[in-house]
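Take a look at the structure set out below.
Bear in mind these aren't lab numbers, they're just calculated from the coordinates by the rules spelled out. What you see is a predicted model; the values in this text were computed from it and never measured. Glycine also receives a Cβ, built like all others from the backbone with ideal geometry; neighbour counts cover every protein chain displayed.
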Amino acid sequence: MLVELGLVEQRYRAVLEVLNDGASVTDVARRYGVARQTVHTWLRKYASGGLGALADGSSRPATCPHQMSPEVEARIVEMRRAHPTWGPRTIVTHLRRQGIEPLPGRSSVHRALLRHGFIDPKRRRRRRADYKRWERSRAMELWQMDVTFGVHLVDGTELSVVTGIDDHSRFCVSAKVVARATAKPVCDALAEAMSAHGIPEAILTDNGKVFTGRFGRGPGLVLFDRVCQDNGIRHLLTAPHSPTTTGKVERFHKTLKKDFLAGKIFETIEEAQAAIDGWVQEYNHERPHQSVGDRPPIDRFRLAKRDTFEPVEVTEERVEAEPAVPAAVRHSRRVSSNGRVSLAAHHYHVGRWLAGETVELVCRGGLVEVVHDGVLVATHARRHAPEKEATIRRAARTRRPATVGQPVTRKVDKSGCVSFAGWSYRVGNAHRRQQVEISIVADTVQITFDGRLVRTHPIRHDRAKEHGAFANPGGRPRRINAA
């Protein structure tokens, strides 16, 4: 008959075999399947505490020198209640500033917030490791600008905020509240930022209509482009559908809405602007930023070398007057390789930099104006007779030599189209199943066959995919089946 013995009873019998029966510790240890040191431990416990000492005790240490004190935990709870958006890392930074010793770790603060119910104990999302993180080496080298919403008035109106962040220091250079984020208010916000902080070398934006006419229908530059151009600023654009490129200003939007705008309603736009200005002052000069070593952004931004001259402002009247051309006799011509165009057997100089581009000739008041993409590029006195303008007819278009560019070879499919950088461009049925060359010239896609231009299209593909197309200049290699 088998009898199951308890843990304490087994240890007690082992001790009795050694003490009463005179068995050796080695034999007892072998018989009970434990180490000799374990049997010695049982003997010591029995000698000091009797039968009750053979039971398992708690393994918790009697003292823990690095355990968070109740006073520090109470201060952490107080900070969290005063600032609901502060996380463990921000709280540790403020405890360090207050001289708390010993300073608790971030995980200890996280567990304290978890104990008091400030954090949902769900699994935290890890950051994506495939993002390419970048940062400019000095302040005023690049600004990131965008427009966000979230400012509400008591009458139900939702306002917009034109925001700008210095890429290196994370210093907020603009937080302008506007009724509508149209071209003029956005450019006014940019002008105010440049007047207050200087003129940056470059500005990075997305492809919104207030920032660029890249995907718009209107000709020429938008107002924001003109402000950048007149102030010597390089305007950089993100690739389509790439919000992470302007991730710094997008992250600023999250902080603005979560830390400040959440649940706030203002009486007027002036009241909202004053409140945001106060928060931006704290954000720039007091709030520690984790991306700059838990220091306020001003610590980095004050090291920048800023220009002291006033920025050049562009008014709406100037934008309307510059690209606008009154109704007159118009003719389209393509600029030759020597930078000239022909009209009524007379040549007019345009410039070699526009060779291969299509321009519009406007004849009025004894002048011939040359307009490219809505911008006046040249003005000449009219050389031809006015009565010849009514008889000018466009000559039959002849194929011209292709403009020099980096060519890639592609095969036209049976529908008369060719694929380049993930986009289909029309070539024509006359070139079906033939090899053509594709080149990127300025903002156009030029398709040539046997050295002669066949078609010219505006760029419609994603420019970020061009590197893959140019990496295979001969097209996709033909598959060879093994015998």
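Packing, taken as the mean count of other beta carbons within 10 Å per residue, orders the peptides 56-64, 247-255, 82-90 from highest to lowest as 247-255, 82-90, 56-64. Once C-alpha pairs closer than 8 Å and six or more residues apart are averaged by separation and normalised to the residue number of segment 408-470, the relative contact order reads 30 percent.
Taken one residue at a time, the phi angles of segment 464-470 give Karplus couplings (6.51, -1.76, 1.60, θ = phi - 60°) of 5, 8, 5, 4, x, 5, 6 Hz. Gly and Pro are set to x. Using the Karplus relation 6.51 cos²θ - 1.76 cosθ + 1.60 with θ = phi - 60°, the per-residue 3J(HN,Hα) values for segment 91-104 come to 5, 4, 4, 6, 5, 5, 5, 7, x, 6, 9, x, 7, x Hz, with x marking Gly and Pro.
Cα-based radius of gyration for segment 70-115, normalised by 2.2 N^0.38 Å, reads 0.98. Between Thr26 and Phe118, the FRET efficiency from the beta-carbon distance, with R0 = 60 Å, is close to 0.60.
Close amide H partners of His289, meaning residues 5 or more places away or on another chain with modelled amide H under 5 Å apart, are Asp294, Arg295. Overall shape: prolate for segment 7-54, with the ratio a/c of the largest to smallest alpha carbon gyration tensor axis at 1.5 or above and a/b above b/c. Placing a pseudo-label 7 Å from each Cα along the Cα-to-Cβ vector at Phe215 and Ser337 gives an inter-label distance of 3.8 nm.
The label point for Arg44 and the one for Met68, both projected 7 Å from the Cα toward the Cβ, are 3.6 nm apart.
With a ≥ b ≥ c the root eigenvalues of the C-alpha gyration tensor of segment 408-470, is it rounded (a/c under 1.5), prolate (a/b larger than b/c) or oblate? Note, shape of segment 408-470 comes out prolate. Look at where the Cα atoms of segment 186-242 and of segment 1-71 average out, and the two centres are 78 Å apart. Working ranking of peptides 168-179, 15-26 by packing, defined as the average number of other Cβ atoms within 10 Å per residue, highest first, is 168-179, 15-26.
Here is the P(r) of segment 148-245: all C-alpha pair distances, binned every 10 Å from 0, give 14, 46, 33, 7, 0 in whole percents. Compared with the direct C-alpha span, the chain from His349 to Asp443 gains 31.6 nm at full extension, assuming 0.36 nm per residue.
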